[in-house]
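The values are calculated or read from the model by the stated rules, or taken from the named source; none is laboratory data. Predicted, not measured: the structure shown is a model, and the values here were computed from it. Virtual Cβ from ideal backbone geometry, glycine too; neighbours counted across all protein chains shown. These accessible areas exclude ligands, DNA and RNA; they are computed on the full protein's heavy atoms, side chains included. Shrake-Rupley method; radii C 1.70, N 1.55, O 1.52, S 1.80 Å.
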Amino acid sequence: ITFPSADTIKFATGGVERFGISNSGLSGDGSGLTGIQAGITMADSWKMSQSVTYNSNNYLTSSWVRQTGTLGGNVGSAMTESSGVFTFPGTGLYYVELNVGFYHGSAAGFLGIQWNLSTDGGSSTSQLTSGYVGGASGAHYDRLRIDEFFDVTHASNFQISFQLVLPGQTTVQGGDGRTTLKVVKYGET
């Protein structure tokens, strides 16, 4: 440990500087450090830009856009999306939250969504999780939230998509704050 100048501390091993702290911030590549992470290195926020009416168990494939401004934005590398299929930007442990706003114009016993996961680049998918809200005896609005952690071990192969589970014609609400996807990378695994 050295103090080479005012407001500066340097850490070295074997005569090689590994890490430094100054009033300008941190320096060095941190090689050899273990158990220390930089914190959240990736966050991304998406929304359905407009409402879409579905007749049955369709995938949420259209109107996805990255949120910007007050209600969104991203940090670091971002998710990619194509026809409602989202691909992770790198390996690591990710938290994913989906919020879906529904409008059903008549009585419905339930409204639901299931998450599908592909670990082989989309060649096959399997149901990962699902969630439901109880319906109502007449026209009604509902909101459903599902969240999960993913240990993404091969980024280009891990893809998620969302399939509606509906009793009949239902509108998935678009616009700010109605149907959103949030993804945060907590670190490496």
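Excluding ligands, DNA and RNA, the accessible surface per residue across region 37-189 is 46 Å² with a 1.4 Å probe. The H on the amide N of A136, modeled in the peptide plane, is under 5 Å from the matching H of A108, each at least 5 residues off or on a different chain. Of the two radii for region 114-174, the radius of gyration is 1.06 times the Kirkwood radius, both from the alpha carbons; that is the Rg over Rh value.
With each label modelled as a point 7 angstrom along the Cα→C-beta vector, the S83-T129 pair spans 2.7 nm. Here is the P(r) of the chain: all C-alpha pair distances, binned every 10 Å from 0, give 9, 30, 26, 16, 10, 7, 3, 0 in whole percents.
Sorting V16, V152, V133 by accessible area (1.4 Å probe), largest first, what list results?
V16, V133, V152
A Cβ-based charge dipole, computed about the Cα centre of the chain with Lys and Arg at +1 and Asp and Glu at -1, lands at about 320 debye.
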